[in-house]
Structure formats: C-alpha cells, structure tokens
Amino acid sequence: MSLITTLARLEAVRTGRARPAATVRHRHLSDRPLVFVPLTTAGEAGAPLGALVGTDRDAPRLLVVPQPRDRDLRSAFLAELADIVLPHLESCAAVVESAERAETDPETGKRVTVEVDLCADAAQLIVPSRAGIDFVRLLGRSMRFRRTAEQDPEAPYPAPPRVPLLGRWLTHYGERARVPGSSLLLAMTDLLGRHWATGQSTLEDQHLGALLAWIDPPEGMSGAQAAERAELARDAAGQLLCPPAGPATDPAFDNRLLAPAIERYDRARAALAAAEDGLEADERLGALTAAEREIRALVESRTRPTWEAVWRGLDLLRALPPGARVEERWTRDRWSFTGHRDRVLAGEPPQPRRDDAVTAANKLATREREQARLEAQEALDDPLVMAGRRLAGEAFAGEVVDVVMAYSEGKRPSPRPLVTVRTDDRPHLGERAKVYRSLDGKPQTAEFVGFAESAGGEDGDAGGPDGAHVVLRVLDKMGRGREPVAGSLPEKGDRVCFTLFEHEQRGGAKLPDPERTPWTHGGPPGERTAPEAADPMTEEDVL
C-alpha cells in the first residue's frame, strides 16, 4: 500500500467518507456489460443455486436450481446460462474491423506486417466480488470438458453442445482476469476499491454493500455507520437487510428460509412421482409449482440487492473520465478475445487442465510485464497516482531552471543537452541512473548527471531552501540533426515530471517452442506426447 493510499484511508476515517484514490477511471467500461450475480449452495462448493444475469439493468434474467443436488437441474441451469451468455459473446465476435499485426514469416523468419480481422468490441463480464471471478473460473473448468451426445453417445449425462463451448469462453475469461489491467472480466469490489480509499481494511472492502456505503453513504450517516449497517443490520425475521455480494449465502437465510423451502420442494416432487391418477397428478403438480416459485422468490430476494449494487457502482465509475491509456489496454483485450474466437472456430481442443512448462512460463512473464506496464501507465495517466510514486522516490517533478546545449564526442557529434530541474521531491537517483519523461506519448530518456549547487546548499547536496537542483543529460527523441528539433527539449520555466521507471516494458528472453522443450520441462525434444485426457469426474466436481 502506497503512502498516498494510507493517507487517503486515514482521511476517510476522519471525514467519515471514502476519499478518491484516482482522478481518472483506470479500467474500460463497456456500454453494454454483461452483469452476472451468481449464488451458490452452502456446504457444496460451487453448486449453483441461482443467478441474475443480463445486460439490461431493468430486466435481468433469473436462473434458479430448486434442488442443487439434482444433476439434471444443474445441467438445465448451465444450458440456460449458455443460452443467455453465448449470444452476447457471439454478437461481439461477429463484428470485425481490419487491423495490422506483426508476424514472423515461416519461410524467411523475418517480421512482416499482415492485415487481419480484429473484433470491433469485446464482451465485458462484471461480477460483484472477487469470489465471483473464482466461481466463473470454476464454471469454466467444470463445463469445458463436458461430453455431448455427438461426441460420446454413451455419455451418462450428455450436455447440450453450447455448454462446453461456454465453458471454454469462461475459462478464457478467468485466465484473462489474472492479467493485470485486463477489463474482460471485472469484480465490482476491485473496481471501486481501486478508485476510492475507505476507512476499512481491504478484506472488508470485498463486501460490496459496505464498500458502497463508504463511497456514497445515506444522508445523515457516516461511512463507518453505513458500512456497519450494511454488514450487520437484520430485519424482524433475522435476515440481513443487505445480503452478501455472493456467491455464498448467509447461514440464517440457509437455515430459516432456504432449507425448509427446498424440503417442501422435495416432498412435492416425491408426491407428484407417486400420484396414481391424472387428477391427483394435476393437484400435486400445482403444489410442486408453488414450491418452485417460493424458491425462485427467495433466490431473487438475495440476488436483486446485489444486482442493483453492481449497477450503482457502474454509475459511480462512469462519472470518472477514462484514463488516456485505458483504450490501449482494452485493445489488447480485444486481441485476446479475437484470438480465442479464432481458436474456437478452428476446432482446437479445450484448454488443458494444466499448462505445459513453456505455456506456464509465458503466462507468468506476460503477467509480470503487464503488471509493470499497468503501474507505469496509471501513474502517467493520473497525477494522484504519480504523487504516490513521487513520495516513494520513484519520480520527481519540478521546474526547468536551465538548459545548456552540449554534444557527444566522436566523428559525428550528437546533441546531449544538460537540463537542470529544481524539485522539492527526493528521488532515489544513483550514478548515471536513467530517467524518463513522456514526450508526445513516447518516453524520452535522460541520464542523471548530478546535483547542481542550490541556494543554501552545497554542490552535490540533494536539498536546500530552494529544493534540489537535478542535472540531467537528455539522450534521445531529439531528431537526427545536429540541432534538436523544435519541441523536443523542455524550455526554461517549464514544469516537467521525470520517472525512474520505464514507461514501456521490454519483452523477456524468448522461450523455446513446446516441441523443442528439454525433457526436464516436458520433453524430450521431438517426441510427440499424447494429449492430456479430459478432467475425470470426482466427488468434488459438483458441477
């Protein structure tokens, strides 16, 4: 946690209201996000009880599993979920635009630019909390290996063809959610927690109702009071006024309302199966329908407040202007979405249960690179985030007090001007350390030369009444001529900000292709291994 965030949390405690942790929105928000509010059964990890899903705030689709232990009912839930989600994914996958991409020519080995199709937009999925992302990942894992009647006519529980297809998409979204800065699958609690600092812990911020209570408390209540009410207040029947964001349910709801309702449903279903004539069957069918309606009403009563809270959070986030580099990160999400669409259309098998060594290493390297890129871009987009980096000594801002033209030595001297910046910050500058500033969206590199003499200080001193005077040697982005091009250098009196971190992350060492991987990491080289079998069904595979 940065010092700025700590100060913001202390200020939130003092004022009784969440404080901004950002001045711009650092994640992309779609015009038509698909909101998914799942609910699971207690005591049986991952077994779906119901869900609210849809893109229309006023008309969500309610899905319910009246008896979560019934495999047929769970399968019907997954099939209905696929019928809702897949058309939305396919509508985004169907609209493409032309884009250029660098690829390696298989014949020459050189990098060439080719024109390919890129999805004009990608489907965005939003869940209430981080536990919702884990549930999406579990759904994908349990659905993508389901066998259909066409694939295996003897499968004991064949799935509709769209169920494993949705499982592959959800698996992709779950993996993409692990990439820092991605906006394909987002948790509302993480979104709000990134842009506001509350007076409670980050663990408590995972309660969506409490988090919103700090950000926008009711009239006459402080954030702490409103958050406590959201977490603990109950009605006369002992039920929480603000149900948890899910997918877990409250024990009082399970014991007092849900369990008796499911028991009545089971009795009605058993009575219907034992009916001896049509008249008796019609009467008992009405009782079964009433019991199912009761469960649907209970599920909706637990999911509807969370549904409204998610959309309320979207309203708060849309009030913030988007960061300058948000669209760039969303474009990478669109490339990821397009790549998965192409793999599905090409008939490739579902994602394996475990990645091979090279794939796992590539994923880890990608996440590390994207984390560094995200931190740099957020600081460049947001003065408040940059202030935290300045307090940490990772950047400094100040006024240019002198620009002296100098040249490199050699047959063809290049401009290497010396720029002196007066700053009150205390950057952690080492000998010949590289620093960077944004010039027309591109990083310009400079080299730390030393500290100039400042008023009240001595030569080499990092401080004084007038602040430190940092001398930098500009190294690039000045054109190819002997004289720097206009606008490539700061002028005396300009306010500038230099960072000690790079703005663009470099790629790491190239890993070998899977077929050239040594035996210690999945080889031996050149030997074709059989594809890994689908996940076997276990007792824990509740879906």
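Considered as a group, the residues in the range 345-361 that are surrounded by 15 or more Cβ atoms within 10 Å (Cβ to Cβ) and in a helix (DSSP H, G or I) include one that is modelled with the highest pLDDT, and that residue is 361. With the structure loaded, tell me whether residue 309 is farther than 30 Å from residue 87 by Cα and either assigned to a helix (DSSP H, G or I) or not assigned by TED's automatic domain parsing to the domain that holds residue 87 (or both) or whether it fails that test. No; evaluated as a whole, the condition is false for this residue. Total residues in the range 406-442 satisfying the condition of being assigned to a loop (DSSP other than H, G, I, E, B) and surrounded by fewer than 16 Cβ atoms within 10 Å (Cβ to Cβ): the figure is 16.
Working carefully through the options 237, 224, 248, find the one that is of a type in the set (Gly, Ala, Ser), more than 19 Å from residue 203 (Cα to Cα) and surrounded by fewer than 21 Cβ atoms within 10 Å (Cβ to Cβ).
Exactly one of 237, 224, 248 is of a type in the set (Gly, Ala, Ser), more than 19 Å from residue 203 (Cα to Cα) and surrounded by fewer than 21 Cβ atoms within 10 Å (Cβ to Cβ), namely 237.
Any residue at all in the range 32-48 that's over 16 Å from residue 126 (Cα atoms) and either hydroxyl-bearing (Ser, Thr, Tyr) or not assigned by TED's automatic domain parsing to the domain that holds residue 186 (or both)? Yes. Among residues of the range 274-291 that are under 20 Å from residue 263 (Cα atoms), those with a Cβ under 6 angstrom from a residue that is assigned to a loop (DSSP other than H, G, I, E, B) and aliphatic (A, V, I, L, M), sequence gap 6+ or separate chain, pair up as 281/275; 284/275. Out of 101, 27, 111, 61, one residue alone is within 29 Å of residue 159 (Cβ to Cβ) and basic (Lys, Arg). It is 61.
Within the range 78-112, the only residue that satisfies the criterion of being polar (S, T, N, Q) and touching a Lys or Arg at 6+ places or on another chain (Cβ under 7 Å) is 104. In the range 183-204, the residues that are within 13 Å of residue 18 (Cα to Cα) reach residues that are β-branched (Val, Ile, Thr) with C-beta atoms within less than 8 angstrom, at least six apart or across chains, in these pairs: 192/215; 193/202; 196/215; 197/5; 198/215; 199/13. Could you give me the residue pairs with C-beta distances under 6 Å whose first residue belongs to the range 357-380 and is in contact (Cβ under 8 Å) with a residue 60 or more places away in the chain, whose second residue is crowded, with 17+ Cβ neighbours inside 10 Å and part of a helix (DSSP H, G or I) wherever it lies, and which are 6+ apart or on separate chains? Pairs found: 378/385; 379/385; 379/386; 379/389.
Counted as qualifying within the range 20-99 are the strands (runs of 3 or more DSSP E) with 3 or more residues that are farther than 23 Å from residue 317 by Cα and in contact with a strand residue (DSSP E or B) (Cβ under 7 Å, 6 or more places away or on another chain), namely 48-54, 61-64. The set of residues from the range 380-400 being out of contact with any Gly (no Cβ under 8 Å at 6 or more places or on another chain) and in a helix (DSSP H, G or I) comprises 380, 383, 384, 385, 386, 387, 388, 389, 390, 391.
Of the numbered criteria (1) of a type outside the set (A, V, I, L, M, F, W, C); (2) surrounded by fewer than 20 Cβ atoms within 10 Å (Cβ to Cβ); (3) touching a His at 6+ places or on another chain (Cβ under 7 Å); (4) assigned by TED's automatic domain parsing to the domain that holds residue 17, the one residue 176 fails is (3).
Scan the range 340-373 for residues that are more than 22 Å from the chain's Cα centre (by Cα) and of a type in the set (Ser, Thr, Tyr) and the total you get is 0.
Do the conditions hold for residue 288, that is, is it modelled with pLDDT of 90 or more and either in a helix (DSSP H, G or I) or over 26 Å from residue 68 (Cβ atoms) (or both)? Spelling it out, residue 288 is indeed modelled with pLDDT of 90 or more and either in a helix (DSSP H, G or I) or over 26 Å from residue 68 (Cβ atoms) (or both).
When residues in the range 20-36 are screened for being within 16 Å of residue 223 (Cβ to Cβ) and surrounded by 21 or more Cβ atoms within 10 Å (Cβ to Cβ), 1 of them pass.
Figure legend. Inter-residue proximity from the range 123-152: first residues on the phi < 0 side of the Ramachandran plot, second residues assigned to a helix (DSSP H, G or I) and among the aromatic types (Phe, Trp, Tyr), beta-carbon distance below 7 Å, spacing 6+ or different chains. Indicated pairs: 125/173; 136/173. Among the criteria (1) within 19 Å of residue 126 (Cα to Cα); (2) at pLDDT 90 or above; (3) not aliphatic (A, V, I, L, M), the one residue 74 does not fulfil is (1).
With respect to the stated conditions, residue 113 fails to be among the polar types (S, T, N, Q) and in contact (Cβ under 8 Å) with a residue 24 or more places away in the chain.
Quick one: is residue 260 outside the structural domain of residue 316 (by TED's automatic domain parsing), surrounded by fewer than 14 Cβ atoms within 10 Å (Cβ to Cβ), of a type outside the set (Lys, Arg) and not in a strand (DSSP E or B)? Yes; evaluated as a whole, the condition is true for this residue. Sub-7 Å Cβ pairs linking a first residue in the range 28-55 that is without any contact (Cβ under 8 Å) to a residue 60 or more places away in the chain to a second residue that is surrounded by fewer than 17 Cβ atoms within 10 Å (Cβ to Cβ) and assigned to a strand (DSSP E or B), at least 6 apart or interchain, are 53/61; 54/61, ordered by first then second residue.
Would you call residue 212 surrounded by 22 or more Cβ atoms within 10 Å (Cβ to Cβ), closer than 25 Å to residue 298 by Cα and modelled with pLDDT of 90 or more?
Against the criterion (surrounded by 22 or more Cβ atoms within 10 Å (Cβ to Cβ), closer than 25 Å to residue 298 by Cα and modelled with pLDDT of 90 or more), residue 212 qualifies.
Exactly one residue out of 224, 213, 159 is free of Cβ contacts under 8 Å to residues at least 24 places away in the same chain and in contact with a helix residue (DSSP H, G or I) (Cβ under 9 Å, 6 or more places away or on another chain): that is 213.
The values are calculated or read from the model by the stated rules, or taken from the named source; none is laboratory data. Everything numeric in this text was worked out from a predicted model, so none of it was measured. Methodologically, a virtual Cβ is constructed for each residue, glycine included, from the backbone with ideal geometry; neighbour enumeration extends over all protein chains shown.
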